[in-house]
2 protein chains.
Amino acid sequence: MSDTFDALWAALAPLGRHRTTGGYRRFTWGPADTEVRAWFTAAAAERGLDVRTDRNGNLWAWWGEPGPDAVVTGSHLDSVPDGGAFDGPLGVVSALAAVDALRARGVRPARPLAVTVFVEEEGARFGVPCLGSRLLTGAITPGRAAGLTDAAGTTYAAAMAAAGLDPEHMGPDPDLLAGIGAFVELHIEQGRGLVHTGHPVGVAGAVWPHGRWRLDFSGRADHAGTTPLADRSDPMLPFAATVLAARAAAAEHGALATIGKVLAVPNGTNAIPSRVRAWLDARAPDEAALRAVTAQVDAAARAAATDNGVLLTTYQESASPIVRFQTALRDRIAAVAGGGPGEPVPVLPTGAGHDAAVLAAQVPTAMLFVRNPTGVSHAPDEHADTADCHRGVAALADTLAALAG
Amino acid sequence: MSDTFDALWAALAPLGRHRTTGGYRRFTWGPADTEVRAWFTAAAAERGLDVRTDRNGNLWAWWGEPGPDAVVTGSHLDSVPDGGAFDGPLGVVSALAAVDALRARGVRPARPLAVTVFVEEEGARFGVPCLGSRLLTGAITPGRAAGLTDAAGTTYAAAMAAAGLDPEHMGPDPDLLAGIGAFVELHIEQGRGLVHTGHPVGVAGAVWPHGRWRLDFSGRADHAGTTPLADRSDPMLPFAATVLAARAAAAEHGALATIGKVLAVPNGTNAIPSRVRAWLDARAPDEAALRAVTAQVDAAARAAATDNGVLLTTYQESASPIVRFQTALRDRIAAVAGGGPGEPVPVLPTGAGHDAAVLAAQVPTAMLFVRNPTGVSHAPDEHADTADCHRGVAALADTLAALAG
């Protein structure tokens, strides 16, 4: 089992890795994405799994004929810009390794079992996270997905077509969903919630509600060396005030708020920008706290914009309500993954969105987390110890064996 | 005279203009730059001027054999990203039109006269403004210039070579400089200093001292949805504090300070940046005020970096001391440009750097400004009325006639 995990991991590791940063740039429908999808298809085929591509481009590798009450596990292979090796791939590699482990144990599942790879989970290229699972469940319309554009202006539909898939087929697939009896996603932990528990593996309690907003501050381009301060409409100023307001609001409400992406136009050293576009990512333990944070940020941004003669328009790009995973499934998995009923693994909340959280609206869903010693994620230094990864595979295999009978 | 100005202007206008923004993207040694250089060479040749390229790529169109005590006028043709049509080109087009005007008047200059085009005045592509005049005067070493890189990592030397020039020849040219008796640059005003004077043309009093600093805030990339606030080293926060501190410091000292360019890495919506790189442009009426502003910004940036567990490194990319143009030449031109000794044109300070200010260290230098009704510059809306442009050509022709005898 450890062997097959290590071999799979080693084969996937170089694909889409940036030579100098060491981070991953696996962007949906791009060349690195094509490589990792091909890697998955080949790895699944080697195991005799029947690989199918659903109408939204998600991959499904079936052990046994697809049928009702299937047990499904998987994650995603795309990355944020210069992301780490584990976020997404750990769940896919562990799923394949768990299949190997079950076979090595002589398990023959009574229910069909599938390993999935979901498309554009990070939203790094087209701005909407969990796009593959949202399309599958109908949480986003195919029309809206088709029209999403990347930084170069390429539409999602065009990028998908360029990768050889037909965007005309996109849309919800209630039949496929109806056949899933349980979905389990294994993922690296993205904080340090497991570090002090002594457990290498935990299960998800709830996913914090979160949202993403685009803020467009529009001012007037002018010469930085000649325009008096009083004559300026400099959008960088209210943008800066908003960055600080977001941090303060998050601290006040025990939440998280981050502005990690900013684009100034024309972005010249001696030009006052005509526009600064920024994205706010906000998450909180409950909906009320999230609303309080975003209302506070919005008010501060509007006040600063007005003070500086700048126009502010905001656009909510995504909204994810709180997700509580099915308690019965969670408790069952917590018991199994711990090695027995006597020692259930810890239950952890998380601020990160996942395909599992999208599917949870329609399918009994659970998540397993593998310990992250530094808590670093979405960065080249993201790491889990190999021994913990092997424990994750074992926990997933135990879980699948229990669920698939 | 008006006719030749209008025809020259119309021929130059479409080159390097962006289809949707209407702004100019004439970046040194790029395709649009090659086009405008070819346009200048052809326009000068049509006038029987002898066009030479100096060792740094600056263009010199000679009327008469190059020799001692030459009268030189010109400006630049490169632009900031999405810059206006006038900043630079107005001085070049007016210089050619002034040559036509002198000939139409039957003037035969006693001294050699040249029209120049300086390279990379804006510093938009390689970061150092007035690069052509700095190389010519030895204000920057050829080695440093050769190693400057653009956003894509292309060196200045490689870009210059790709445009067909030999970067090995770069360096100061004391012989060429020694032959210049006077240099006059006509430029659009970049504030509204002339609007309330009733004069379409003014002369430069002094150029404010100014400097450009790069600020690198280095933190740690992390997942925006899972990293507790206390565990973050988010470089966006001290960057934002610095933007606000720069504005406050400038206001306090009657100066200008602008952060118009920012690059976040990896610039992902759900990633805390590993690094935010920003550029500070600061200018003040005198050196003491400039030092006070930059010291204040530096202190605020360092304090905010420390507060957020972020490393700050700063690098001064350019420093231009105050430039006072030669008083005798200035007063002579102010009298001539006004149409006679009885009505001298206004004398204006400016916060913008110019090749004339670089040359002023070694050559008697003056500048003429043409009225800018809105004060907008470095933006597509930059504008001067055609009638004022014609008055600028007349003032420049009068000036050249007076200086060249």
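Under 5 Å between amide hydrogens, built in the peptide plane, is the criterion, and for A:S233 it picks out A:R220 among residues at least 5 positions away or on other chains. Look at the stretch A:240-249: the mean tally of other chain Cβ atoms within 10 Å of its residues' Cβ atoms is 5. Its relative contact order, with pairs defined as Cα atoms under 8 Å and 6+ residues apart, puts the range A:53-146 at 36 percent. The relative contact order of chain A comes to 22 percent, based on Cα pairs under 8 Å that sit 6 or more residues apart.
Computed from the alpha carbon atoms alone, the convex hull of chain A holds 138 Å³ per residue. Take the range A:210-320, drop everything but the C-alpha atoms, weight them equally and run the Debye formula without solvent; then report log10 I(q)/I(0) at 0.16, 0.22 Å⁻¹ to two decimals. Values, matching the q order: -0.67, -1.08.
The fewest-to-most ranking of A:V51, A:V107 by surrounding Cβ atoms within 10 Å reads A:V107, A:V51.
Between 0 and 90 degrees, the angle of helix A:89-104 with respect to the longest Cα principal axis of chain A falls at about 0 degrees. Would you mind checking the tilt of helix A:2-12 against the longest principal axis of the Cα atoms of chain A, expressed as 0 to 90 degrees and rounded to 10? Around 40 degrees separate the two axes. Compute the separation of the alpha-carbon centres of the range B:136-193 and the range B:1-60 and state it in Å as a whole number. For the range B:136-193 versus the range B:1-60, the Cα centre distance is 17 Å. Scanning residues 5 or more positions from B:G138 or on other chains, those with amide H under 5 Å from its amide H are B:D173, with H placed 1.01 Å from N in the peptide plane.
Could you work out the relative contact order of the range B:156-305, using alpha carbon pairs under 8 angstrom and six or more residues apart, expressed as a whole percent? Rounded, it is 26 percent for the range B:156-305. Please work out the C-alpha center-to-center distance from the range A:328-405 to the range A:219-273 and express it in whole Å. Each part's Cα centre sits 40 Å from the other's. Model label sites at B:D50 and B:D231, defined 7 Å from Cα along the beta-carbon direction, differ in position by 7.3 nm. Axis between B and A by rotation; chain B residue with nearest Cβ and distance in whole Å recorded as B:A240, 2. Going by neighbour counts of Cβ atoms within 10 Å, the residues A:M367, A:M160 line up, fewest first, as A:M160, A:M367. Considering only B:T365, B:T242, B:T327, the mean-square fluctuation computed in a Gaussian network model of chain B, springs between alpha carbons under 10 angstrom, is largest for B:T327. Computed from backbone phi with θ = phi - 60° and the Karplus coefficients 6.51, -1.76 and 1.60, the 3J(HN,Hα) list for the range A:175-183 is 5, 4, 4, 5, x, 8, x, 7, 10 Hz; x is used for glycine and proline.
The modelled label-to-label distance for the pair B:T386/B:A361, using points 7 Å beyond Cα in the direction of Cβ, is 4.1 nm. Rounded to the nearest Hz, the phi-derived 3J(HN,Hα) couplings of the range A:125-133 under the Karplus curve 6.51 cos²θ - 1.76 cosθ + 1.60 (θ = phi - 60°) are 8, 10, x, 10, x, 6, 5, x, 6, where x marks glycine and proline. Under 5 Å from the amide H of A:R52 lie the amide H atoms of A:W60, A:A61, A:W62, each residue being 5 or more positions distant or on a separate chain, with H modelled from the backbone and absent for Pro and chain starts. Residues B:L403, B:L229 in ascending order of nearby Cβ atoms (within 10 Å, fewest first): B:L229, B:L403.
Sorted from closest to farthest, the other copies place their B:L229 label points 2.9 nm away, with each point set 7 Å from Cα along Cα→Cβ. Position B:E35: other-copy label points at 3.7 nm, ordered by increasing distance, label point 7 Å along Cα→C-beta. Against the main long axis of the alpha-carbon atoms of chain B, helix B:31-46 sits at an angle near 10°.
Is the C-alpha gyration tensor of the protein assembly as shown telling us rounded, prolate or oblate? Criteria: a/c under 1.5 is rounded; beyond that, a/b larger than b/c is prolate, otherwise oblate. Prolate, since a/c reaches 1.5 and a/b exceeds b/c. What is the range B:164-222 by shape, rounded, prolate or oblate, if you read a ≥ b ≥ c off the alpha carbon gyration tensor as root eigenvalues and call it rounded for a/c under 1.5, prolate for a/b larger than b/c, and oblate otherwise? Taking the square roots of the gyration eigenvalues as a ≥ b ≥ c, the range B:164-222 is oblate. Computed from backbone phi with θ = phi - 60° and the Karplus coefficients 6.51, -1.76 and 1.60, the 3J(HN,Hα) list for the range B:254-268 is x, 10, 10, 9, 9, 10, x, 10, 9, 10, 9, 10, x, 6, x Hz; x is used for glycine and proline. The same position B:R108 in the other copies lies at 11.1 nm from this copy, comparing label points 7 Å beyond Cα toward the beta-carbon, shortest first. What residue among A:D298, A:D222, A:D33 shows peak mean-square fluctuation when chain A is described by a Gaussian network model with Cα springs under 10 Å? Of A:D298, A:D222, A:D33, the Gaussian network model singles out A:D222 as fluctuating most.
Averaged over the residues of peptide A:277-288, the number of Cβ atoms from other protein chains lying within 10 Å of each residue's Cβ is 2.
No value in this document is a laboratory result; all are computed from the given coordinates. Quantities reported herein were computed from a predicted structural model and do not represent experimental measurements. Virtual Cβ from ideal backbone geometry, glycine too; neighbours counted across all protein chains shown.
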